Structure formats: structure tokens, C-alpha cells
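Asks: This is the structure I have questions about; it appears just below.
Readers should treat all values here as calculations from the given coordinates under stated rules, not as data from a laboratory. The structure displayed is predicted, hence computed values, not measured ones. Here the Cβ is made from the backbone with ideal geometry for all residues, glycine too, and neighbour counts use every protein chain on show.
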Amino acid sequence: MTDSTDSESMPTPDNLLHTGAEHPVDPEDLVMASGRTPTPKLLAKAKKQLEEQGAAAVERLLP
């Protein structure tokens, strides 16, 4: 059983996620919106997605 204080078992708070309406989306935002922990490999992939798709990349993940 997981401990309820385990930071990895808790969802990311809404105030840490944004779609770009307030400011530009960065690679870390895109990785976090996918529910993953940012790693150098995932950040590089997210950076490429943002360069190709712009803010629409995160809109595909968030309703």
C-alpha cells in the first residue's frame, strides 16, 4: 500500500498546470500535463513537440 504522504502518488495541483492562456507553455508543462515526471529525455521530446505543434501540443492532453 502506498503512503498518502508519498509525493509521487499525489496528483499535480491544478495551480501548477496551465495551457498557455496565461503564459507560453514550456517543455516541463507539457511533460507534467501528460502525468509524467520531467526527465531530460522527456523534456527534449516535449521541446521538439512544442517547436512542431506550438501550444496545441498541450491542448491535446488537457480537456
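Asks: What's the ranking of 49-59, 32-42 by average number of surrounding C-beta atoms within 10 Å, highest first?
Replies: Details: 49-59: 15.3, 32-42: 12.8.
Per-residue Cβ counts within 10 Å, averaged per peptide and sorted highest first, yield 49-59, 32-42.
Asks: Modelled label-to-label distance, residue 28 and residue 44, 7 Å Cα→beta-carbon offset: nm?
Replies: With each label placed 7 Å out from Cα toward Cβ, I get 1.9 nm.
Asks: Let me ask something additional. How much length, in nm to one decimal, is gained on full extension between residue 36 and residue 17, taken as 0.36 nm per residue of separation minus their Cα-Cα distance?
Replies: 5.6 nm
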